[in-house]
Amino acid sequence: MAKKLSQNCHPERSEGSDLSKREILRCAQNDVMRFEIVSKRKVRRTFEFGSCLVIVAHPDDETLWAGGMILMHPQARWNIVTLCRRSDRKRAERFFKAMECLGARGRMGDLDDGPQQKPLDEREVEDTIIKLLPSGKFDLIITHSLLGEYTRHKRHEETAKAVCGLWKSGKLSAEQMWMFAYEDGGSKKLPKPIRGADLRIKLSDDIWHKKCYIITEIYGFRADSFEAKTAGRKEAFWCFGAGDDVERRLAGRSKEK
């Protein structure tokens, strides 16, 4: 019997419902061709990236904004770097359990993440990223948008600015850089994928179920939490190649809701 899925991230689960590595790979093979090309830019219809690096501000950001993308492509080598919360023992334990579920390697930083959101020095953020980087080159980097995903978390925006600066300067080497493409209408709604994003994907039931499992069962967020409600079935990305003017493109195209 098919699992009943609701609009938010709390599908009904049965005992032993976790997906095996083989089942995830099968889902990936079925889903990889479901990319929705929404612009004239050259966005790959098949996922041909071998070495992928995801850089986020917090543990759970990787799953909220790109968990489906990661789960759909277990054949890639995923490295995930989070810049905050290493000294938060519970959050750190959950992050590394999530890495096992995502089939990724994870590293954590410990930048200030207090509720006051005191601005961080850009050099400090860049240095933290460099220190946490695994060795080797990457085919794809994925990170936050310069505009963030919702109103408003400075750490998301600071992370994006630092990653973008490192990539443009060549200190971060990758063929492409993708940024999460979400907006919340100025806090008027939950974050949703931007319609005019370069790449939008719709997750299969199995992949979405696994994403929800990580958010609610591993990270421990309640089914009625912001995180669970935000972990949607659709994901969206801005896609940039060498020479792209990231700031100018985002300033213009992010208005296409």
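The values are calculated or read from the model by the stated rules, or taken from the named source; none is laboratory data. If you're wondering where the values come from, they're calculated on a predicted model, not measured in any experiment. So basically every Cβ, Gly included, is an ideal-geometry build from the backbone, and we count neighbours across all protein chains shown.
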Selection from segment 127-150 of residues that are closer than 17 Å to A251 by Cβ and of a type in the set (S, T, Y) = S145
request  = Give me the pairs, please: first residue somewhere in segment 227-248 and assigned to a strand (DSSP E or B), second residue anywhere and surrounded by fewer than 18 Cβ atoms within 10 Å (Cβ to Cβ), beta-carbon distance under 7 Å, and either six or more positions apart or on two chains.
outcome  = K234/K202; C239/R41
query = Going by the conditions given, is G68 more than 21 Å from K234 (Cβ to Cβ), buried (at least 16 other Cβ atoms within 10 Å of the Cβ) and in contact (Cβ under 8 Å) with a residue 12 or more places away in the chain?
reply = no
query = Within segment 102-119, is there a residue that is more than 27 Å from G220 (Cα to Cα), at pLDDT below 95 and surrounded by fewer than 21 Cβ atoms within 10 Å (Cβ to Cβ)?
reply = yes
note = In segment 201-214, anything surrounded by fewer than 21 Cβ atoms within 10 Å (Cβ to Cβ) and assigned to a loop (DSSP other than H, G, I, E, B) is listed as S204
key: Hits in segment 215-241 - residues which are within 13 Å of C101 (Cβ to Cβ), surrounded by fewer than 22 Cβ atoms within 10 Å (Cβ to Cβ) and β-branched (V, I, T)   = T216, I218
Residue that is of a type in the set (S, T, Y), under 23 Å from L120 (Cα atoms) and crowded, with 19+ Cβ neighbours inside 10 Å, where the choices are T63, T82 = T82
ask   = Regarding E62, is this residue closer than 21 Å to F226 by Cβ and free of Cβ contacts under 8 Å to residues at least 60 places away in the same chain?
value = yes
key: Hey, V54 modelled with pLDDT under 85 and of a type in the set (A, V, I, L, M, F, W, C) or not   = no
inquiry  = Can you pull out every residue in segment 135-167 that is at pLDDT 95 or above and basic (K, R)?
reply    = R155, K161
